[in-house]
Amino acid sequence: MYVKLTALFFVAAFTTVISQAHSYEDNRCKCVCPSPAAVLNDTAGADRSPFMKSANVPPNKCNCEVVILPFMTDQLKDRQQEFCPRCECKYENRNTTIIKVVVIIVIWVIMLLVVYMGFLICLDPLINKRAKASYQEHTNEDDESTLGGPSQQLGARGNVLNRVTHQQDRTPTGQVE
Amino acid sequence: MYYKNNHCLGGVCFLIGSTELQCTETPVILLNVLASTSFHGDVDMERYPLKSAVPKMGSTYQSVYKKGPNGSNGRGLHSPTEDDLVDITAGLQQDAGGASANTTPTNHGTFQLYEHSQRNSNASANSYVAQYFNTSIVQCKDSLLNEMAMIPTELDNEDLLEPLVPQGDVRDTIIFSGMQGDDDIPGIGQYDDFHTIDWQRDIARDRMRHRYIVKKRQDSLWDLIKGAHDAWSGWVCVLLVGVCTGMVAGVIDIGASWMTDLKFGICPQAFWLNREQCCWSDTDTTFNTGNCSQWLTWPQVLGGKHEGPGAYIVSYLFYIVWALIFAALSASLVRMFAPYACGSGIPEIKTILSGFIIRGYLGKWTLIIKVVGLILSVSSGLSLGKEGPMVHIASCLGNILSYLFPKYGRNEAKKREILSAAAAAGVSVAFGAPIGGVLFSLEEVSYYFPLKTLWRSFFCALIAAFILRSINPFGNEHSVLFFVEYNKPWIFFELIPFVGLGIIGGCIATIFIKANIYWCRYRKYSKLGQYPVTEVLVVTLVTAVIAYPNPYTRMNTSELIYLLFNQCGISNADPLCDYNRNFTDVNSAIEKAAAGPGVYRAIWLLVLALILKLVMTIFTFGIKVPCGLFIPSLALGAIAGRIVGIGVEQLAYHYPKIWLFSGECSTGDDCITPGLYAMVGAAAVLGGVTRMTVSLVVIMFELTGGVRYIVPLMAAAMASKWVGDALGRQGIYDAHIALNGYPFLDSKDEFQHTSLAADVMQPKRNETLSVITQDSMTVDDVETLLKETEHNGYPVVVSKESQYLVGFVLRRDLNLAIANAKRTLDGITGQSVVIFAGTGNQPPAPPQCLHLNRILDMAPITVTDQTPMETVVDMFRKLGLRQTLVTHNGRLLGVITKKDVLRHVKQMDNEDPSSVLFN
């Protein structure tokens, strides 16, 4: 079952990956500049918060002159030389494919686990019944060195969801040396 | 002429005073035997098994050599110790069952010898052989038997003679099986759940296996390749661990950042992108809203407006609902599949590394659920971090991958070397700090950390950091979200506020530890502990409801830390950077300025955030989801530090001329950086909570890439540790270890009481010590003893009257060996005499004897009853003992187990000794 599910899930993941075209770029030049109003001490400018601009340019062209100025000529007029040193430009890379694959895998794994958990919860009453019936022989078959282990385990297994508490509780009730 | 005991595998080793040695062996077979002895020189030179430990085997040889020259005394005949025998197969086991005793024809009297003077020379196998043939070797089986018969008569005169091994155990071939598996009794050398491991035994087993491989290397090319594979398997294993850890960390980082943003909105065109990535290539973004056209908040998705009270309420509701969904999923997955995946895991890893077995704690299910649960619980906005669990995840990977290499997978002591390296890789990816990771492993989690492990950890951390860095999960070219780059100077006066921050950090940390432990204890002993999922949901609900209105708690904690660490530049639009600056002068750097109203508002919000985070973290750490506390404590400290930093900055701005600043702040440039204070504060709180010092400072400066802040960080870490130690003795991990009652014998504590071994040992007065005699108990007797007592091991004595110690046998091994013998050997009945070590002159009358000398540890560590407990505790710590035997006048008096030691330590410290969990 696991193999099939895993295979299914990989096929699904990769078809999603391949079918989607790259709608998002993998590199950018990001420039952060103060608002022109703040730099030029233009009291008329209402918005004084900084702004950011990204552009898809080659790394060697990643600077204020190329990215910012073409959009700002009318605002800045002849004061471009004062504005640009205040900007910070950085060239950045990312890999959207990895992000896509990882996120899809995470979603799939969570879904699988949830489905499996639901399955176990539904199955729980059945398992419980059978466990109670076959419990006695089971201990005898097992090696004696784990005395008390299985009985504890099965006893606390009343509800699948209770296994945590049981495991946690097992800790303090250790045997004497 | 001396005898070396540890290579008399399956053979009998004799210590004979004369230079003549007699043997019926053919030279060819002797060659085999001797070849195996040639590596014994390694023994003394091998790395010591524990920090500053004295090798047990080495000391055994010592005693033999010392006694040897007198010939007539000392160990007349040394049979193989259990350590030696664990790895032997075939012939020996057959005989151990007694079936083939006396049936192998030509093998009596195989033994070896060599000159003492050459013991430490680098003699090769050949030289031993040469030496061997120079010695006069006479075949004489009878004289040998005479020797054997004589020795028992000397028993009474000597302190403690090793009894003779029955002749049947003499063998012509030696088969090591360290590689394939230990022996034909399945399970020997493994441990039960919640037991402590015997470091000495495991290290000795590995040494045997190693010698076998080295010996075999000369046989064929294939063996040579196998030997080479064995030699590099440690490095390959840590390489794999590093690669996997890096990849898993990348998955967690990407998954958690995507899911965290899912609480706020979605990127409809590419749902797998988080907000920042969604707006990544947007050509026109401002910082005003943090939003771009591609990213839709939930109100927008539902068709409403982005702003306004209605949108706020919808966002609020979505935030709470998503948080509850994530937390519920995380908690029920943990509860369902892997209960051990909850919590940070570092206390348990510490305990496991100190030599405790918790089955399933590092298993596959724990790994899967911890990864998935960690993504979910981080995304749910609870006050927790992913750094601690990352250590657990890396250790799980280390454990799982070590099974690919039998050298590590089948040997618990060796496996812990890999786990130490994995822990380093975990911190390395969590903080993007490889060296910090190695030091963390050394300082905080590891118990046994030889140099070899240091190098492996270094390599593992390097690989993990490299892999994560190439995945580039945050798109910022770093492996952590809150990486900041600093290059501002600090002035001498600032050390005072830094130390002050250390004191504040120590206080916050102490409050946190005390309250958290109180709450965890309450949870443990009250009904609350029965409702783990409900508790998680309630905590999540409360956190979400309170956290949303405050922007500093609403955001991801890593982002908050990043914001606080950052210095205010033009790119920072947060109210925290609302200074009355002007940007008009191109040439001047950003200088100090008066704080604007935004800063004061931000400070109030930060104070609220500090209180909320502190309280919520107290309730969060310990709930049944994967949760770590590095990030919350860093955030607490960063908030406190930033507030102090702004205060000092404003002081410097308003009074730049006072003597404190020694004129350095008069220019206004690069004077006080509040972000640096945030960093120091973060280090202080984290240092106070975990009591780390060296590794903490290294992690912090790797995070900031600035070496010049080492002194401030050191000052703060030290101050916080002092304050923390003064106010409360234990760090959070030690406190949780004590709370859970794990048998962890801290190697950093000192034992300062004057008790003696006799006060601590079991049995107390009026009780009898359960012992097994070496050759007079029947199988039934032994089984009755096993049923009636619950001890994990039994001393073997010569006879109940004399109580002369022979060795020590473990309950588990005894059970397995008897069960195995009953299954595989004919003629074993309840009346069969069990012979652990015997004189060999008893007639093998029916019912047949059950020879169990293989499972007998003939070199148990002993102390006398007058040994001070200080020494005993030191032995337990440094040698990694499981138990030690107490003798008086050479007679066995009692046993001290690790549990007794832990109990005694607790008793002496006025704590409840019954809280220690122990098997």
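The values are calculated or read from the model by the stated rules, or taken from the named source; none is laboratory data. Everything numeric in this text was worked out from a predicted model, so none of it was measured. Cβ: placed from backbone, ideal geometry, glycine included. Neighbour counts: every protein chain shown. Remember, those area values only see protein heavy atoms, side chains included, never the ligands or the DNA or RNA. Shrake-Rupley method; radii C 1.70, N 1.55, O 1.52, S 1.80 Å.
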B:Tyr804, A:Tyr24, B:Tyr655, reordered so the largest accessible area comes first (probe 1.4 Å): B:Tyr655, B:Tyr804, A:Tyr24
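Express the relative contact order of the range B:678-793 as a whole percentage, based on alpha carbon pairs under 8 Å and six or more residues apart in sequence. Walk me through the numbers before you get to the answer.
Working: 62 pairs, mean separation 25.1, N = 116.
Once divided by the residue count of the range B:678-793, the mean separation gives 22 percent.
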Short version: ³J(HN,Hα) in whole Hz for each residue of the range A:111-126, in order, from phi by Karplus 6.51 cos²θ - 1.76 cosθ + 1.60 (θ = phi - 60°), x for Gly and Pro, what are they? 5, 4, 5, 5, 4, 4, 5, x, 4, 5, 5, 5, 7, 3, x, 5
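Any idea how many Lys pairs in the range B:325-435 come in under 18 angstrom at the alpha carbon, given 8 or more places apart or on separate chains?
Details: B:Lys350/B:Lys370; B:Lys350/B:Lys386; B:Lys350/B:Lys414; B:Lys350/B:Lys415; B:Lys364/B:Lys415; B:Lys370/B:Lys386; B:Lys407/B:Lys415.
Counting lysine pairs in the range B:325-435 gives 7.
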Can you list residues whose amide H is under 5 Å from B:Thr778's amide H, if they're 5+ apart or on another chain and H is modeled 1.01 Å from N? B:Val834
Solvent-accessible area of B:Glu790, probe 1.4 Å, all protein chains present, reported in Å² to the nearest ten, please. 100 Å²
With x for Gly and Pro, the residue-by-residue ³J(HN,Hα) of the range B:550-563, computed from phi through the Karplus equation 6.51 cos²θ - 1.76 cosθ + 1.60 at θ = phi - 60° and given in whole Hz, is 8, x, 6, 9, 5, 6, 3, 4, 4, 5, 4, 4, 4, 4
Dividing the mean separation of Cα pairs under 8 Å (6+ apart) by the residue count of the range B:195-317 yields a relative contact order in percent of 13 percent
5 angstrom amide H check on B:Val895, placed H, neighbours 5+ away: B:Gln762, B:Val886
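Ranked from the most accessible area to the least, with a 1.4 Å probe and all protein chains present, what is the order of B:Glu870, B:Glu535?
Working: B:Glu870 100, B:Glu535 15 Å².
Greatest to least solvent exposure: B:Glu870, B:Glu535.
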In a Debye calculation with equal point scatterers on the alpha-carbon sites of the range B:283-425 and no solvent, what is log10 I(q)/I(0) at q = 0.09 Å⁻¹? -0.43
Surface accessible to a 1.4 Å probe, B:Met259 within the full protein complex, Å²: 10 Å²
How compact is the range B:374-530 by the rule of thumb for globular proteins, expressed as Cα Rg over 2.2 N^0.38 Å? 1.27
In what sequence, highest mean first, do B:273-281, B:320-328, A:57-65 appear when ranked by Cβ atoms within 10 angstrom? B:273-281, B:320-328, A:57-65
